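Q: Mind having a look at this structure? Questions to follow.
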Amino acid sequence: MNRRRAIAVLTLLGILDATYLLLGKLGITSGYACSVTQGCDVVNTSQYSVFLGIPVAAIGLAGYLALFVLAVAGTQSRWLADRRPDLLLSVLAGLAALFSLYLTYAELFILRAICQWCVVSQLLILAILVLALAGVTGKRGEDIEGGRAPNAEY
């Protein structure tokens, strides 16, 4: 359960990051605070900042929200010993990580600009994926308070 709680916390950080990027994309905030790389405006005004007519930040926000709901639901007692939430978290985070890798490729090799806020999102989704995969591959009932899930069958 602690792993799923950690995923929930990471998704909250992702929600904040994606919201910031979306507000900038929509022009609600003026530009991006991009003190480290100076490439945020280049990346977030490029053709790669929109996918199928939808801002990539909005897709990220929706993804992080879905992961958050799933992670929090997975902490409920009826799901503690069940691997299905971890499996679904892994699939969703895996798809997000693949999309993120595509965007990273575009940043590095096509745009030749790096958005620090995009890097934050990439690191968050990779961490979420690692934690979710640990839930799929770990022992049943592992990482639950007290070492065992209540009423779990082993």
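Q: Between D82 and T137, take the C-beta separation as r, use R0 = 25 Å, and let me know the FRET efficiency to the nearest 0.05.
A: On the way: r = 15 Å, r/R0 = 0.60.
With a Förster radius of 25 Å, E is 0.95.
Q: Additional query: How long are the three semi-axes of the equivalent ellipsoid for the chain, computed from the Cα gyration tensor as the root of 5 times each eigenvalue, in whole Å, largest first? Spell out each step's value before the answer.
A: Details: eigenvalues 229, 38, 29 Å².
Ellipsoid semi-axes (Å, largest first): 34, 14, 12.
Q: Provide D86, D41, D17 in ascending order of the number of other Cβ atoms located within 10 Å of each residue's Cβ, fewest first.
A: D41, D17, D86
Q: Amide H of V50: which non-local residues (sequence gap of 5 or more, or other chain) have their own amide H closer than 5 Å, using H built in the peptide plane?
A: V56
Q: Same structure again: Based only on other Cβ atoms within 10 Å, what is the fewest-to-most ordering of Y102, Y20?
A: Working: Y102 12, Y20 18.
Starting with the residue having the fewest Cβ neighbours, the order is Y102, Y20.
Q: Could you work out how far the C-alpha centroid of region 105-121 sits from that of region 33-94, in angstrom?
A: 17 Å
Q: For the chain, what does -39500 (n - 2.57) per DSSP helix run (n ≥ 4), summed and divided by total residues, give at 222 nm, in deg cm²/dmol to the nearest 500?
A: Working: 5 runs with 91 residues, N = 154.
Computed mean residue ellipticity for the chain: -20000 deg cm²/dmol.
Q: Let me ask something additional. Sorting L65, L26, L88 on the 10 Å Cβ count, fewest up front, what's the list? Walk me through the intermediate numbers first.
A: Details: L65 15, L26 11, L88 18.
With the fewest neighbours first, L65, L26, L88 line up as L26, L65, L88.
Readers should treat all values here as calculations from the given coordinates under stated rules, not as data from a laboratory. Note that this is a predicted model, so its numbers are computed, not measured. Every residue, glycine among them, receives a Cβ derived from its backbone with ideal geometry; neighbour counts consider all protein chains shown.
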